[in-house]
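Undergrad: Take a look at this one; I'll ask things after.
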Amino acid sequence: MSGLLYALGIVLILIGVSISIALHELGHLIPAKKFGVKVTHYMVGFGPTLFSRRRGETEYGIKALPLGGFIAMPGMYPPTYATHATVEQAHGASDASGIVTAAVEGTEDSESEPTAPRRRRARLFERTMADARDYSNQSIEPGEEHRTFYALSVPKRLAVMFGGPVVNLLLGILILGIMLLGVGVPTLSTTVANVSECAVPAKEMAERAPDEQDRCLPGDQATPAAEVGITPGDRIVSIDGTPMETWDDVSAEIRGLADERVDIVIERDGEEMTIPVTIIAAERPVYTAEGELQRDDSGELVTESVGFFGVGPDREYRPIPVTEFPGQIGSALGNTFTALVTLPVKLVDIVQVATTDRGRDPEGIMGMVGVGRVAGEIVSTGQIDVTGKVVTGLGLLGSLNLFLFAFNMIPLLPLDGGHIAVALYEGARRRINLARGRGVIGPFDTARLLPLTYVVVGLMLCMTVLLVYVDIVKPVVLFQ
């Protein structure tokens, strides 16, 4: 059964990621089609095609590797004659479509396609750039130049390229909203989950053998809760007349009542009852701000004498107030961009994990294999209840969508942020040259950035392979 649940977790996260990718690409597809761009392919995943169907001029399909997706639009790499269109050749056109139309007409009027002075390049990249332009524009029929990506105005190109990341942003906010506002966050309640049978000083407990630390020994003092018959499921309503709303209230109140006799009101099976009880003084360990046991210079546990009752809290899930939700989203986005900025450092850590005996950081980065393994672990573990599994799974998927948004906004091709940066540069250059009445106003030649694009793609592939290897050999383990 555990194996089946593990597999179910992997399947669920794959479905969630695939839906996120599909919606991301829809964020590109819908505005592109609205603006009249010819979209030839809409694909979820990479690699071999598992399923596809053509509707109109677009082929829709699913590929084998759920590592991303794409839509194919002609004109991602503009032809040379368009990129070298000047103010003089545009015949007064100032928008992208008019400039492209003027460039096409100018080409048709001339015996041969105008060429720009060649720059000295490695022949490999010259051929590669020419091939990229040819491949990008091969589906353009005569008269369809205005339906290419490069013929869009800068605002429309920005809308197309922003569409995908914005969908991931909204999807991440929606998923986290369901988690935080719908299901809630784990909170220690005033309901008793367990009752300690005896109260043993912290230092004495630390000196006991491991097999004696989870049971009472002859001579141990009984806890007040055990003496008065408190049982799991009882809800603490008030202590010494003070209403208890949270477990922090209970803990704070008890700690200040050492050696005092008070009335505790509990609710059991829907009925309230008052129980007189004497709170004992007990030596309890002191914890640091990070939640670790505090020790003195000699390594001894630091303790303090506080009131002790002998009960542990149950956990419940409480939705956060709506007013706190924007702050939670802001914090999540801040953490996401912080993780993105520190990505190079974390990749260095991953290299050290892969090449040395260094252990894996549970807070470090993971690839899709690691995400799948974590999802399987969440679903199959018996250490958290169903609600906890839902909350953890939603948090994982929501955070993943926020990361996809942030990662795609990196201003490097082939990421969406790279196309956004190119569009902004092209728009600024066009405005300046139009104002001066001279200079190139055609679309920017993105093929010139192919060498850098190949470097980025190579780094992304290396990162993917490295994470797959580490996720398999030294996986992140949430539950021991």
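The values are calculated or read from the model by the stated rules, or taken from the named source; none is laboratory data. Keep in mind the model is a prediction, meaning the values are calculated, not measured. Counting neighbours? That spans all protein chains shown, and the Cβs are built from the backbone with ideal geometry, glycine included. Accessible surface areas use protein heavy atoms only, side chains included; no ligands, DNA or RNA. Shrake-Rupley method; radii C 1.70, N 1.55, O 1.52, S 1.80 Å.
Undergrad: Name the one entry in V351, V369 that is at pLDDT 90 or above, over 24 Å from G184 (Cα atoms), open to solvent by 30 Å² or more (accessible area, probe 1.4 Å) and in a helix (DSSP H, G or I).
TA: So the residue among V351, V369 that is at pLDDT 90 or above, over 24 Å from G184 (Cα atoms), open to solvent by 30 Å² or more (accessible area, probe 1.4 Å) and in a helix (DSSP H, G or I) is V351.
Undergrad: Please tell me if G75 is under 21 Å from T446 (Cα atoms), in contact with a strand residue (DSSP E or B) (Cβ under 8 Å, 6 or more places away or on another chain) and small (G, A, S).
TA: Taking the combined requirement at face value, the residue does not satisfy it.
Undergrad: Within segment 150-171, count every residue that is free of Cβ contacts under 8 Å to residues at least 60 places away in the same chain and either under 15 Å from I30 (Cβ atoms) or of a type in the set (D, E) (or both).
TA: Restricting attention to segment 150-171, the residues satisfying the condition of being free of Cβ contacts under 8 Å to residues at least 60 places away in the same chain are 153, 155, 170.
Remaining after also requiring either under 15 Å from I30 (Cβ atoms) or of a type in the set (D, E) (or both): 170.
So the count comes out to 1.
Undergrad: Let me ask another. Looking at segment 267-300, which of its residues are charged (D, E, K, R) and either assigned to a strand (DSSP E or B) or open to solvent by less than 40 Å² (accessible area, probe 1.4 Å) (or both)? It would help to see each step written out before you state the result.
TA: Of segment 267-300, the ones charged (D, E, K, R) are 267-269, 271-272, 283-284, 290, 292, 295-297, 300.
Those that are charged (D, E, K, R) and either assigned to a strand (DSSP E or B) or open to solvent by less than 40 Å² (accessible area, probe 1.4 Å) (or both): E267, R268, E271, E272, E283, R284, R295.
Undergrad: State all residues of segment 1-28 that are without any contact (Cβ under 8 Å) to a residue 60 or more places away in the chain and of a type outside the set (V, I, T); if no residue qualifies, say none.
TA: M1, L4, S18, A22
Residue-wise test of (1) in a loop (DSSP other than H, G, I, E, B); (2) in contact with a Cys (Cβ under 8 Å, 6 or more places away or on another chain); (3) aliphatic (A, V, I, L, M).
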| residue | (1), (2), (3) |
| --- | --- |
| V345 | no, no, yes |
| G364 | yes, no, no |
| I384 | yes, no, yes |
| F405 | no, no, no |
| V422 | no, no, yes |
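Undergrad: Identify the residue in segment 46-73 that is under 24 Å from the mean Cα position of the chain (by Cα), modelled with pLDDT of 90 or more and surrounded by fewer than 21 Cβ atoms within 10 Å (Cβ to Cβ) and, among all such residues, is nearest to F405 (Cα to Cα).
TA: F70
Undergrad: Output the residues belonging to segment 312-348 that are open to solvent by 30 Å² or more (accessible area, probe 1.4 Å), within 16 Å of S399 (Cβ to Cβ) and of a type in the set (S, T, Y).
TA: S331, T338, T342
Undergrad: Look at segment 16-39 and say how many of its residues are among the hydrophobic types (A, V, I, L, M, F, W, C) and more than 20 Å from the chain's Cα centre (by Cα).
TA: 6
Undergrad: Would it be correct to say that A209 is among the hydrophobic types (A, V, I, L, M, F, W, C) and within 22 Å of P313 (Cβ to Cβ)?
TA: Criteria not met by A209.
Undergrad: Looking only at segment 131-162, which residues are surrounded by 20 or more Cβ atoms within 10 Å (Cβ to Cβ) and among the charged types (D, E, K, R)?
TA: R133, E145, R147, K156, R157 - these are the residues of segment 131-162 that are surrounded by 20 or more Cβ atoms within 10 Å (Cβ to Cβ) and among the charged types (D, E, K, R).
Undergrad: Here is a follow-up. State all residues of segment 28-45 that are open to solvent by 10 Å² or more (accessible area, probe 1.4 Å) and of a type in the set (G, A, S); if no residue qualifies, say none.
TA: G36
Undergrad: If you don't mind, another one. Looking only at residues that are under 16 Å from E144 (Cα atoms) and of a type in the set (D, E, K, R) in segment 74-110, which one is modelled with the highest pLDDT?
TA: The qualifying residue modelled with the highest pLDDT is E105.
Undergrad: Additional query: Within segment 163-191, which residues are in contact with an Asp or Glu (Cβ under 7 Å, 6 or more places away or on another chain), buried (at least 19 other Cβ atoms within 10 Å of the Cβ) and within 29 Å of V228 (Cα to Cα)?
TA: S189 - this is the single residue of segment 163-191 that is in contact with an Asp or Glu (Cβ under 7 Å, 6 or more places away or on another chain), buried (at least 19 other Cβ atoms within 10 Å of the Cβ) and within 29 Å of V228 (Cα to Cα).
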